Amino acid sequence: MEAAVPAVLPPAVAKPPPYLAAPWLADAGPWVLGTLHGGREAAAAAAAVGAIASGVRQRHSRTYKRHVAMEAARRDALASLAAATAAAQVMPVLPAHAEGSPPTVIRQAADGVWVFDQAYGIPGLGVGANIPIRMMVMKLDGGGYLVYNPCNPTEACMQGLADAGLTDIRYIVLGTIAIEHKYYAPQWSAKFPQAEVWISPRTFSWPIDFGPYIPFIGFPSGKTLNKIPKDSTLAPWYKQGVDHLQLTVDYAPRTVFEETVLFHRNSGAFVCTDMLIGLSNDPPEILTKSPYKEGLLWFSRNNPLDRVDTNSPATVRDGYQKSTLLLNNINPRSLLSVAAGDLQVPEQVGLALRSPQPELGYAGWYPCNWQETDSPCANLDQRQSTAKASKSLDCRPGWRGEWARLVNGVADSGFQVPSFVAELQVSRDPEALRSFADEIAQRWPDIKMAIPSHFDAPLPATSQSVRAAIASAADGTPGRPSARTADLSAILNFRDYLEENDLIYKPKSGGVSGGQHEGDRWNCVITSQVVPQHGRPVTVGRRMCDGKVQLQFQHASV
């Protein structure tokens, strides 16, 4: 889902360099980053190459000409640039503390389901906004195990796998095309050569499409890779206690959202990647370990002159909630920052020199000013504009209220589709998303819990609560409370900017705008039939748009 990047940058890099300016970043550069993704030097080179390639192309496009008239929206996009592109899975970065051996928290989440929690963020820095990332291991009927979204195979991770007796790996399943969830798959394949590898069908790389066989960091050219079928009955794990559904949404030129969700029948566990997240007031255990705890302590302050108790769980909790707000709301209304242009660097440098706790990171540099509780004059229901100085020091919603609205989820269920996945990706094809949500509820009425790949898990759930949370993303921004929609102002402004510049497709009934940017509606057809299967009638069908299968479904016929 979301990949963490610095929320606010040290003075030397407080202003993004020109080649990271939208819309160039949102166009070609990120795909180069996703292709190389082999280290800090490679990532920096990829960003520069991508920017050059994008700039050359856009000098001849109407998008380049139009963006001159979009300076206000462009400023808002830049203000939330790093976290925004990451959460949209456009610019994933390397796992945090990549040069060392990051910690792993291993738990049995359900009968026959184990989770391996790690985290990722800024390579080489213990200070920053870090996101929990999770691998799941599921027991198969008849013996063996399925690995979903393999994590960093550190020595501790492999020892934990062995201690739990989970080494008979039969299948390695990559539930998405997002790099952070598939980066370590080649290493797992090398450690378990007998395991079949199943990848997302639309896996790609850019500018040269190596698919999954990227030189040096991808799978070796001789490795057999299987594409996860839209028809789950064709997957080998279907008869071994695991079912799946797959959603594909072409949300922007040259890129796609594609996720395969699983259902572990014996435990009733709905397992997904970025389709859902759940949040609680306390940080996941993995984030309370070094180096991630240090990041929470850094974020725990409201301003650079605050002094916090680094031994207090409440301090860690505050840091977690604020950093998670930043990752999910992007440029929260309660926050003034240098990155958004609300605060000035010279003033913040002066405050850094007076910081009572420079040991928290960056020698006291903390260019943030958080409003803790709602200002009496704050209009909670008003969407933030893109105008410069639209935030004021004395009249802002409080971050504690923003957090409470975020953590409630959809209809107080405690979980939701991540905001950037919802607003920028899956909402581009609302019909496919609703069909996908309905199929989950129809096919898997016995869902007892949800296990997403980020933040809290397992989450108490039913088939109807999962359906409602996913389907809500097809209905537009959260309607209740209206303050929750206003909390997403930066994301919505960023979305509007991308739509107006044809960098993402506009949602339309029956499909999204076609690949020619001319507003052509995709031609979508849904077909179904009743067939005998395992001694019972089953309805099977598919949704095809312009000849591409976007959704395959099946459920028992009544």
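The values are calculated or read from the model by the stated rules, or taken from the named source; none is laboratory data. As the structure is a computational prediction, the values presented were derived from the model and not from experiment. For neighbour counting, all protein chains shown are included, and Cβ atoms are generated from backbone atoms with ideal geometry for every residue, glycine included. We work out accessible area using only protein heavy atoms, side chains counted, and drop any ligands, DNA or RNA first. Shrake-Rupley method; radii C 1.70, N 1.55, O 1.52, S 1.80 Å.
Taking every protein chain into account, the 1.4 Å probe leaves Glu196 with about 80 Å² of accessible area, to the nearest ten.
A probe of 1.4 angstrom, applied to the heavy atoms of all protein chains, finds Met158 with accessible area near 40 square angstrom. Positive-end ranking of Thr255, Gly364, Pro376 along the dipole of region 253-394, with charges on Cβ about the Cα centre, is headed by Thr255. Each of the peptides 314-320, 340-346 was scored by the mean count of other Cβ atoms within 10 Å over its residues; in descending order, highest first, they stand as 314-320, 340-346.
Based on every Cα atom in region 147-252, Rg and the maximum pairwise Cα distance Dmax equal 14.3, 44 Å.
For Cys157, Cys395, write out the residues from largest to smallest accessible area, computed with a 1.4 angstrom probe and no ligands counted.
Details: Cys157 0, Cys395 50 Å².
Reading off the accessible areas and sorting them downward yields Cys395, Cys157.
Alpha carbon centre of region 343-421 versus region 227-291: separation in Å? Distance between centres, Cα-based: 31 Å.
Using the Cα centre as the reference, give the magnitude of the dipole from point charges on the C-beta atoms of region 241-336 (Lys, Arg: +1; Asp, Glu: -1; all else neutral), rounded to the nearest 20 debye.
Values: 9 positive and 11 negative charges, 65 e Å.
For region 241-336, the charge dipole is close to 320 debye.
Using a probe of 1.4 Å, the accessible surface attributed to Leu146 totals some 0 Å² when neighbouring protein chains are kept in position.
Under unit Cβ charges (Lys, Arg +1; Asp, Glu -1), what dipole magnitude, rounded to 20 debye, does region 299-371 have relative to its Cα centre? Before the final figure, lay out each step's value.
Details: 6 positive and 6 negative charges, 23 e Å.
That gives a dipole near 120 debye.
For the pairs Lys139/Lys239; Lys191/Lys239; Lys230/Lys448, note any where the Cα-Cα span goes beyond 18 Å. Walk me through the intermediate numbers first.
On the way: Lys139/Lys239 13 Å; Lys191/Lys239 25 Å; Lys230/Lys448 24 Å.
With Cα atoms farther than 18 Å apart: Lys191/Lys239; Lys230/Lys448.
Full extension of the chain between Arg307 and Asp496 gives 64.1 nm of extra length, using 0.36 nm per residue less the Cα-Cα distance.
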